[in-house]
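Here is the structure we will look at, set down as structure tokens.
The values are calculated or read from the model by the stated rules, or taken from the named source; none is laboratory data. Quick caveat, the model's predicted, so the values are computed rather than measured. Positions of Cβ are backbone-derived with ideal geometry, glycine not excepted, and every protein chain shown enters the neighbour counts. Only protein heavy atoms, including side chains, enter the accessible area calculation; ligands, DNA and RNA are left aside. Shrake-Rupley method; radii C 1.70, N 1.55, O 1.52, S 1.80 Å.
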Amino acid sequence: MIRTRVGYCGGNHPNPTYHDLGDHAETTEVDFDPATISYAQILDAVWASHNPCGSSYSRQYMTAIFYSGDEQKQAALASLAKRRESLGKIQTQVLPKTTFTLA
């Protein structure tokens, strides 16, 4: 099973909204069953779905992978290192998941 939800993450501003985002970024949260799809497969899809070398003009639209826990952190950092080998400078950030707020 996979479920996605759109919202805001990565900041400290309380109760972000589209009109009062504060320091959050717009993001998609992915809930998944690791028996159905692996975190590595999800990371591959994330890397394939955007230009990781392009810079964003605001924090709201930055590209980031938010991880939960050490296992996801290590997998996300390894996938970032792999992309750097082939693409060079990467703008996509790997960050700890903070509170996710639905849009």
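When S68 is tested against (1) surrounded by 16 or more Cβ atoms within 10 Å (Cβ to Cβ); (2) touching a Lys or Arg at 6+ places or on another chain (Cβ under 7 Å); (3) among the hydroxyl-bearing types (S, T, Y), exactly one condition is not met: (1). In this entry, A81 is excluded by the filter for residues that are modelled with pLDDT of 95 or more and either touching an Asp or Glu at 6+ places or on another chain (Cβ under 8 Å) or closer than 23 Å to N12 by Cβ (or both).
Any idea which of T63, T98 is of a type in the set (S, T, Y), open to solvent by less than 90 Å² (accessible area, probe 1.4 Å) and free of Cβ contacts under 8 Å to residues at least 40 places away in the same chain? Only one candidate passes the filter, namely T63.
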